[in-house]
1. Can you list the lysines whose alpha carbon sits under 22 Å from that of K115, skipping same-chain ones fewer than 8 residues off?
2. Work through the residues other than R188 whose Cβ is under 15 Å from its Cβ and net out their charges, Lys, Arg +1 and Asp, Glu -1.
3. Ranked by Cβ crowding within 10 angstrom, fewest neighbours first, how are W44, W65, W292 ordered?
4. Only Cα pairs under 8 Å and at least 6 apart count here; give the relative contact order of the chain as a rounded whole percent.
5. If you take the square roots of the eigenvalues of the alpha-carbon gyration tensor of the stretch 50-154 and sort them as a ≥ b ≥ c, do you get rounded (a/c under 1.5), prolate (a/b over b/c) or oblate?
6. Counting pairs of alpha carbon atoms under 8 Å apart in space and at least six apart in sequence, what relative contact order in percent does the stretch 163-287 give?
7. What does the charge add up to near V144, with Lys and Arg as +1, Asp and Glu as -1, over the other residues with Cβ less than 13 Å from its Cβ?
8. How far is helix 158-169 tilted off the main Cα axis of the chain, in degrees rounded to 10, range 0 to 90?
Amino acid sequence: MKAISYSRYGSADVLEYGERPDPKVGPDSVLVKVRAAAVNPVDWKAREGYLQAGLEAVFPVVPGWDVSGVVVQPGAAVDEFEVGDEVIGYVREDFLSRGTFAEYVAAPVRTLARKPLSVGFEEAAGLPLCGLTAQQVLHKVLKVQEGETVLVHAAAGGVGSLAVQLARHAGCRVIGTAGPHNHEYVRRLGGEPVEYGDGLADRLRAMAPDPATLAPDGRLASIADAEVFSYGGRYAFVRPDAEDLAHLAGLAEQGIVSVHVDRTFPLEQAADAYRLNEQGRTRGKVVVTVDWDS
Ligand SMILES: NC(=O)c1ccc[n+]([C@@H]2O[C@H](COP(=O)([O-])OP(=O)(O)OC[C@H]3O[C@@H](n4cnc5c(N)ncnc54)[C@H](OP(=O)(O)O)[C@@H]3O)[C@@H](O)[C@H]2O)c1
């Protein structure tokens, strides 16, 4: 199969497009014909070698954990999916090797859910990792309640845009940090935008003087700073969860959450997709597509 891979840590320049062996399909996995795979910052942080203390790389590594596609071969013990089923997945194993930036990926069923039929493959590919992160942080870590005020940092990004929508759906007031060019976008998601940078705390107090967000009984979680416990917060790392993913797919099917696709690239240009995301300005998701007609 054709795939993107890298054989040493480094910048996007180490990414190569070429032939890789078709993945083997274990008894509790399915072979997915990839239609789209979304870029996540964790992919390029791992490729740079920043995560090597806790995440083993078996080179050559095919990057990517997010996918949408079609089941072409269920494993011997799989009765959840059949050939032809459209699926989405956060296909993370505990080491880096067989990612989603490829024509095929072998995905354990615990990482998959049915794709919402009304949602296209590109948008659907952006849902799993970011949607699961937002959902697990809001509902399992912070346990947000209706009527609470939630502050979402980087509200225009992949995780942030879904966190805004999910927190609104939970009945919360949502304030989201974003650059001025993204304020209208954050409003469309249901959030109240605020500019980040110097003076943020004062701007927040002016917007939300009553809630306990910044007070000792407020709750804080970070997905980007593992040291957050030192100032009273909890660090969260998204887990594959078929039930959570099916729930998210249902919300997407109903139009309660959606994924904004910032830009798409064909698989062979995945390095450019990563370079774009590495600039830190993605609105929604950058997505790579596999063109099966060519
Ligand atoms: N622990 C986990 O399980 C987990 C899961 C997913 C992601 N993450 C991490 O969480 C972070 C966000 O992920 P993501 O996928 O949402 O990234 P992303 O989509 O690449 O985020 C891009 C967004 O970040 C915003 N941004 C950049 N600098 C900012 C700042 N100083 N303050 C506020 N917003 C800023 C940009 O908005 P403007 O253009 O408006 O500035 C842009 O819209 C990354 O570090 C990622 O590795 C962790």
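Each value in this text was obtained by applying a stated rule to the coordinates, not by laboratory testing. If you're wondering where the values come from, they're calculated on a predicted model, not measured in any experiment. As a convention, Cβ positions derive from the backbone with ideal geometry for all residues, glycine included, and neighbour counts pool all protein chains shown.
1. Reachable lysines: K33, K285.
2. 0
3. Sorted ascending by nearby Cβ count, the order is W292, W44, W65.
4. 20 percent
5. Oblate.
6. 15 percent
7. Within the 13 Å Cβ shell, the charges total +3.
8. 60 degrees
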